[in-house]
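I'd like to ask you about the structure that follows.
The values are calculated or read from the model by the stated rules, or taken from the named source; none is laboratory data. What you see is a predicted model; the values in this text were computed from it and never measured. So basically every Cβ, Gly included, is an ideal-geometry build from the backbone, and we count neighbours across all protein chains shown.
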Amino acid sequence: MTTWDPLQYARFAGPRLRPGLELVDRLRALEGFRPERGVDLGCGTGELTDALASVFPGLAIDGLDSSPEMLERAAARFPRLGWVQGDIAQWRPGAPLDLVFSNAALHWVDDHARLMPRLAGTLAPGGVLAVQMPTNFEAPSHRLLIELAALAPYRDRLALRADPVARPETYYDLL
């Protein structure tokens with residue numbers, strides 16, 4: 001399992017949160033949408049979970065993440081919200097939800113052809129599945145990182161892994 005460092009994660013909060021905050025704004029703009037029960041899948045340190053709770057004051061929302069370090073930080077910063085450690089691929093709600101939200105997490109989960117219908121099936125009538133998933137493997141920044149990672153001395157400090165969403169590209173994790 002990958003260990004996440006909440007302080008390192010926070011260093012890039014601005015660019016990382018921007019698409020998620022835009023998704024929150026799109027939910028706010030849905031006429032008549034007032035969710036009561038929801039989940040933030042892959043909540044990290046909880047900023048977007050908190051934003052959802054602020055936008056929808058009647059929303060009882062849990063943040064789910066696989067990292068105990070990230071959840072510890074989330075609970076310390078936003079103690080009024082619920083925090084659950086778990087794997088998105090194995091997650092099942094106890095009852096239908098009005099909102100299933102995920103920002104920049106589902107691309108780490110395999111088999112989207114089964115995942116998305118399963119997540120949609122957890123919704124109550126009128127519920128919303130709101131997902132933001134990056135698909136920037138062809139972006140110049142990513143292409144350059146892949147090229148640089150193949151060069152010495154970088155390749156000795158990087159581990160090449162298969163892309164989790166079955167694309168022909170690769171991604172690298174720092175060891």
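So, T3, is that one among the polar types (S, T, N, Q) and at pLDDT below 90 or not?
yes
Scan region 101-149 for residues that are at pLDDT 90 or above and small (G, A, S) and jot them down.
Those that are at pLDDT 90 or above and small (G, A, S): S102, A105, A113, A120, G121, A124, G126, G127, A130.
Inside region 115-151, can you point out the residues that are of a type in the set (V, I, T) and in contact with a helix residue (DSSP H, G or I) (Cβ under 8 Å, 6 or more places away or on another chain)?
Result: V128, V131, T135.
Give the residue, chosen from L17, L52, that is modelled with pLDDT under 95 and either surrounded by 13 or more Cβ atoms within 10 Å (Cβ to Cβ) or touching a Pro at 6+ places or on another chain (Cβ under 7 Å) (or both).
So the residue among L17, L52 that is modelled with pLDDT under 95 and either surrounded by 13 or more Cβ atoms within 10 Å (Cβ to Cβ) or touching a Pro at 6+ places or on another chain (Cβ under 7 Å) (or both) is L17.
Counting just the residues of region 79-104 that are of a type in the set (A, V, I, L, M) and closer than 17 Å to I61 by Cα, which one comes out surrounded by the fewest Cβ atoms within 10 Å (Cβ to Cβ)?
Residue satisfying both the conditions and the ranking: A95.
Here is a follow-up. Specify which of the listed residues (G63, G42) is in contact (Cβ under 8 Å) with a residue 60 or more places away in the chain and surrounded by 15 or more Cβ atoms within 10 Å (Cβ to Cβ).
Only one candidate qualifies: G42.
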